[in-house]
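Read the structure below first, then the notes.
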Amino acid sequence: MNRRYMPSLISMQCFEASARHLSFTKAAEELNITQSAVSKQVGQLEVILATSLFQRVRKRLQMTQEGSIYLTEVRKVLTQVEMSTRYMLSYGSRNEVLNVNALPTFGVHWLMPRLNGFRFKHPNVYLNISSRIDIFDFDEENIDIAFYYGRANWPKACCIKLLDEEVVPVCSPAILPPHPLNSSLELTHLVLLQSATRPEAWHDWYEAQGLHTEHSYHGPRFETFLMSIQAAKVGCGVALVPRMFVEEELREGKLVIPWSHSMVSPENAYYIAVPENARHAAKVTGFIDWIQSRVASPAP
């Protein structure tokens, strides 16, 4: 069997405390053990690492360069252990953590406004909400519920359709010409803002009108709709975005729809994905019921 370089947690705690205080004695007082025990634990680490972590200068401890490097890594380990322990304490108590993942713009513009009130109906469920664009694996990551855009075919998950998406072009009124547009092709003169996650969006939008332009793929490219919307607001060009993400900006006149044609995908929609083995957990069903009850409700 290969040798494993696996120091004990107590030895890492002794080292971290000694490094913080630059004193074995003060570290021992903090950890409620003897000074000789701290010194022994640090010595065991030095044997494993085959290097000195401290040196004595005029009877005082000073860290070596190797000790400083190792301290950074040890603190990462101790922090992760503490976080994992706190998570399990919450998970095993009456209070449960619900890990929710949502696409960035969907989370900000649609999900967040509809969460208010959930904690009063489910006071023992603590929401832990994160966002990301790339795909993930329920088997490998600690996610209870995910909101995504696409088809109902997420691996090893139960997929529940939430709502369709209407995509519209939007821009700042400041960049529009004084006269009405005669064709949607004139939008190309205002710069078409591109979406990294929907590279075919402008092509499909024009194709649905029986039109084609070489500019469908030209223009600044943004990773999220949030960035595209902000770029449109400051006059960088025209963004093609889900209407539900810009309702407030349209009401306030910060954005306008320069051409009325909208597009709804016949194949894709927003879904809730839940791991198959967690579909009937109380915290999961409670959250899904809450969100579904607010699908038709406008954001506050």
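When Glu186, Glu207, Glu140, Glu200 are checked against the criterion of being surrounded by fewer than 16 Cβ atoms within 10 Å (Cβ to Cβ), under 19 Å from Cys236 (Cα atoms) and of a type in the set (D, E, K, R), Glu186 stands alone in meeting it. If you check Ala208, Ala201, Ala239 for being over 18 Å from Tyr149 (Cα atoms), in contact with a Leu (Cβ under 7 Å, 6 or more places away or on another chain) and in the same structural domain as Ser183 (by TED's automatic domain parsing), only one passes: Ala239.
Checking the conditions here, which among Ala232, Ala282, Ala273 is over 22 Å from the mean Cα position of the chain (by Cα) and assigned by TED's automatic domain parsing to the domain that holds Arg132? Ala282 is the lone residue from the list that is over 22 Å from the mean Cα position of the chain (by Cα) and assigned by TED's automatic domain parsing to the domain that holds Arg132. Being closer than 30 Å to Pro258 by Cα, out of contact with any Lys or Arg (no Cβ under 8 Å at 6 or more places or on another chain) and of a type in the set (A, V, I, L, M) is a property that does not hold for Leu115.
Screening Arg243, Arg294 for residues that are in contact (Cβ under 8 Å) with a residue 12 or more places away in the chain and touching a Lys or Arg at 6+ places or on another chain (Cβ under 6 Å) leaves exactly one candidate, Arg294. Pull up region 94-125, narrow it to residues that are more than 29 Å from Met227 (Cα to Cα) and assigned to a strand (DSSP E or B), then point me to the one that is modelled with the lowest pLDDT. Out of the qualifying residues, it is Glu96. The set of residues in region 56-68 that are part of a helix (DSSP H, G or I) and out of contact with any strand residue (DSSP E or B) (no Cβ under 8 Å at 6 or more places or on another chain) comprises Gln65, Glu66, Ser68. Highlighted here are the helices (runs of 4 or more DSSP H) found entirely within region 9-55 that include at least 3 residues which are surrounded by fewer than 15 Cβ atoms within 10 Å (Cβ to Cβ) and either without any contact (Cβ under 8 Å) to a residue 60 or more places away in the chain or among the β-branched types (Val, Ile, Thr) (or both): 35-49.
The values are calculated or read from the model by the stated rules, or taken from the named source; none is laboratory data. Just so it is clear, the model here is predicted, and its values are computed rather than measured. Heads up, the Cβs are rebuilt from the backbone with ideal geometry, glycines too, and the neighbour counts pull from every protein chain shown.
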